[in-house]
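The block underneath contains the structure these notes are about, expressed in structure tokens.
The values are calculated or read from the model by the stated rules, or taken from the named source; none is laboratory data. This one's a predicted model, so the numbers in the text were calculated from it and none came from an experiment. Glycine gets a Cβ as well: all are built from the backbone with ideal geometry, and neighbour counts include every protein chain shown.
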Amino acid sequence: MSLLTVGSVAFDAIETPFGKTDKIIGGAGTYISIASSFFTKPVRVVAVVGDDFPKEYIKTLEDQGVDTEGLQIKENEKTFFWAGKYHNDMNSRDTLVTELNVLENFDPIVPASYQGSEYIMLGNLSPQVQSTVIERLTQKPKLIVMDTMNFWMDIAFDDLMKTISMVDLLSINDEEARQLSGEYSLRKAAKKIMAMGPKYLIIKKGEHGALLFHKDEVFSAPALPLEEVFDPTGAGDTFAGGFIGYLAKTDDISFENMKKAVIYGSALASFCVEKFGTERLLEITDADVQTRVKEFHKLTAFDTTL
């Protein structure tokens, strides 16, 4: 089934206790597109870069099965750039540089060939950009998934609430769920957030896994215990890409199938953190993904016989 993803295609510069990089390819749209391409191709992307964005990076995306017709290239402008430094625990980080550049006035154009996309993944961008994309779709998709962050809760709350009311599934982390709902209990938070519009909710808990909610149903997925986490950048976006990619491949949006999609998203995210940026995602094969999914199954399999 056809998948359209919207998000930043950007430069990142990352420092962790394991090392540091110069400018490398990053951005939510990049990670989501690469992750979802393991399940469905082509992945249609709506994003914007400056004319400083290397052609070889665009070719990398295309080689992964990403349709770049919706990637705008702005002449005489620079690509979005983020630089960050992770603390020793790898759970917290300091933002060193944020340069919005082309993202500051991003007008998301949905090419005619992208119309009719059945699955939509709105990566973390301003809620106004996200809602504009939805409004520009000429056909109602089967599923619209949205990712956001506390930054937009702080500076664009009204726009955020409007966009949340337009989507089928919202994906946020536990801190953001508590801020958005005003509830500490994640179960209570989920009920309040789903009352805002989304039928489904994913609450990501980093190294502690993820929760999937629908009505009164809850599914808890573990995170795979890894010996080393090299670079957490993009893990949440990779999770989202794996999740939506699996749903698009199977064309099944039942709660039962979403459980499987959460595991596939988690499996891909576990690869992402093993090297800097997108490097590890570009190395792995479909067989690697299936092997890791089996590891997740072993984590939670047990016999209930007394």
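Here are some notes:
- Close pairs (9 angstrom Cβ cut-off, 6 or more residues apart or separate chains): farther than 13 Å from A10 by Cβ and at pLDDT below 95 in region 34-62, part of a helix (DSSP H, G or I) and of a type outside the set (A, V, I, L, M) anywhere: none
- Condition broken by A261, with the remaining ones in (1) over 23 Å from V6 (Cα atoms); (2) without any contact (Cβ under 8 Å) to a residue 24 or more places away in the chain satisfied: (1)
- Residues that are part of a helix (DSSP H, G or I) and either among the acidic types (D, E) or within 19 Å of the chain's Cα centre (by Cα) (or both), drawn from region 107-119: none
- All conditions in (1) in a helix (DSSP H, G or I); (2) exposed (fewer than 14 other Cβ atoms within 10 Å of the Cβ); (3) among the β-branched types (V, I, T) hold for V289, with the sole exception of (2).
- Selection status of I253, under 18 Å from M121 (Cα atoms), touching a residue at least 40 places away in the same chain (Cβ under 8 Å), of a type in the set (V, I, T) and in a helix (DSSP H, G or I): no
- Just one of the numbered conditions (1) without any contact (Cβ under 8 Å) to a residue 12 or more places away in the chain; (2) on the phi > 0 side of the Ramachandran plot is not true of S185: (2).
- Matching residues in region 254-290 - criterion: being of a type in the set (S, T, Y) and within 24 Å of M90 (Cβ to Cβ): Y264, S266, S270, T278
- Number of residues in region 74-95 that are under 22 Å from the mean Cα position of the chain (by Cα) and either surrounded by 16 or more Cβ atoms within 10 Å (Cβ to Cβ) or not small (G, A, S) (or both) equals 13.
- Which listed residue is touching a helix residue (DSSP H, G or I) at 6+ places or on another chain (Cβ under 9 Å) and within 25 Å of G19 (Cβ to Cβ), from F276, F230, F271: F271
- Candidate set: region 120-174, residues that are assigned to a helix (DSSP H, G or I) and without any contact (Cβ under 8 Å) to a residue 12 or more places away in the chain; chosen: the one nearest to the chain's Cα centre (by Cα): F151
- When A267 is tested against (1) in contact (Cβ under 8 Å) with a residue 40 or more places away in the chain; (2) of a type in the set (A, V, I, L, M, F, W, C); (3) within 26 Å of S181 (Cα to Cα), only condition (3) is not met.
- Checking each residue of region 27-47 against the condition of being farther than 22 Å from G245 by Cα and crowded, with 16+ Cβ neighbours inside 10 Å gives no match.
- Test: D168 is over 17 Å from V48 (Cα atoms) and touching a Phe, Trp or Tyr at 6+ places or on another chain (Cβ under 7 Å): yes
- There is at least one residue in region 272-284 that is in contact with a Ser or Thr (Cβ under 6 Å, 6 or more places away or on another chain), under 22 Å from I14 (Cα atoms) and outside any loop (DSSP other than H, G, I, E, B).
- Residue ID - surrounded by the most Cβ atoms within 10 Å (Cβ to Cβ), chosen from residues in region 205-247 that are assigned to a helix (DSSP H, G or I) and β-branched (V, I, T): I244
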